[in-house]
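Note sheet for the following structure.
Every number in this text was worked out from the coordinates using simple rules, so none of it is lab data. All values reported here derive from a predicted model rather than from experimental measurement. All Cβ positions, glycine included, derive from the backbone under ideal geometry; neighbour counts span all protein chains shown.
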Amino acid sequence: MALRTKVNFYYDTLSPYAWFGFETLCRYQKPWNLDLQLKPMNLGKIMGESGNTPPGMNPSKASMLSRDVQRVSDMLNLPYKSVQHFAKTVFIRGSIPCLKTLAACQILYPDNLEEMSRQAWLGLYSQDIDITDKNNIRVFAEKAGVPDIDKLLEFSTGQEAREQLISNTNEALESKCFGAPWYTVTNPESGRTEKFFGHDRVEMLGWVLGKEYQGPDPPQS
């Protein structure tokens, strides 16, 4: 049996680009035999600690941000819808309650983490709903098939979930992360670890691994 390639994927559900990278890597899990390890992190802390700034804070980048996000979502066939009050949503409301719940899911129900992360992104960037609201987070968990939602929500408010989120974030920082999506990939044959930033580096990842990139929606057989 071929060895699986371990991919640590660090993300915050506030980032639409992290969503795009997440969906692309999920689509390549089977074709490339990836062992995708999802690690929710606090992007705000990453930005602060690394000295980076969100693209929306740069006037030149901000001028093309909306169109760029729409193009990528169209390419990936994702139901993106722009957030009406983007600055308030990202810079004031944030995502911490959602991230703590995802960290709790990482601990309690790792098999449901992929779908729950997806539902959070769909909630924010397809329905424009508050992903920090407890009732909305419950809906994400329901759609993800989490076995015991009450247990998950209670656990998410505790110290262990908080520490898991901090650990994921610090782990990313230790690998010199400066934004999202960020992923570290260990070649199972050489043992060498490579780092990648950005949703558009999946093709490069394939080149590094000697795998064929087959576009944004590869065959699964």
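Details
- Packing, as the average of other Cβ atoms within 10 Å across residues, places the peptides 50-59, 108-117 in the order 108-117, 50-59, highest first.
- Think of each Lys and Arg Cβ as +1 and each Asp and Glu Cβ as -1; about the Cα centre, that makes the dipole of the chain roughly 400 debye.
- Measuring nothing but how far apart in sequence close Cα pairs (under 8 Å, 6+ apart) lie, relative to its length, region 1-148 scores a relative contact order of 24 percent.
- Each Lys and Arg adds +1 at its Cβ and each Asp and Glu adds -1 at its Cβ; summed about the Cα centre, region 1-106 shows a dipole of about 100 debye.
- Each label was represented as a point 7 Å from its Cα along the Cα-to-Cβ direction; for residue 154 and residue 57 these points are 3.9 nm apart.
- Dividing the summed helix terms, -39500 (n - 2.57) for each DSSP H run of n ≥ 4, by the number of residues in the chain produces a 222 nm estimate of -15000 deg cm²/dmol to the nearest 500.
- Interatomic Cα distance distribution for region 91-158, bins of 10 angstrom, percent: 24, 60, 15, 0
- Distance between region 147-169 and region 1-55 - C-alpha centres, whole angstrom: 19 Å
- Separation of the residue 221 and residue 126 label points, Cα + 7 Å toward Cβ, nm: 2.6 nm
- Computed over Cα pairs, the Kirkwood radius of region 139-197 leads via Stokes-Einstein (1.306 mPa s, 10 °C) to a diffusion coefficient of 113 µm² per second.
- Cross-link partners of residue 39 among lysines (Cα-Cα below 19 Å; sequence separation of 8 or more within a chain): 6, 100, 176, 195
- Over region 30-178, the pair-distance histogram of Cα-Cα distances with 5 Å bins from zero comes to 2, 9, 16, 19, 21, 18, 11, 4, 1, 0 percent, rounded to whole numbers.
- Mean Cα-pair separation over length for region 4-68, i.e. relative contact order, pairs under 8 Å, 6 or more apart, %: 34 percent
- Reachable aspartates and glutamates, given that their alpha-carbon falls under 16 Å from the alpha-carbon of residue 151 and they are not under 8 places away in the same chain: 111, 142, 160
- Residue by residue, region 90-99 carries 3J(HN,Hα) couplings of 7, 8, 10, 6, x, 8, 4, x, 5, 5 Hz when phi is fed to the Karplus relation 6.51 cos²θ - 1.76 cosθ + 1.60 (θ = phi - 60°); x denotes Gly or Pro.
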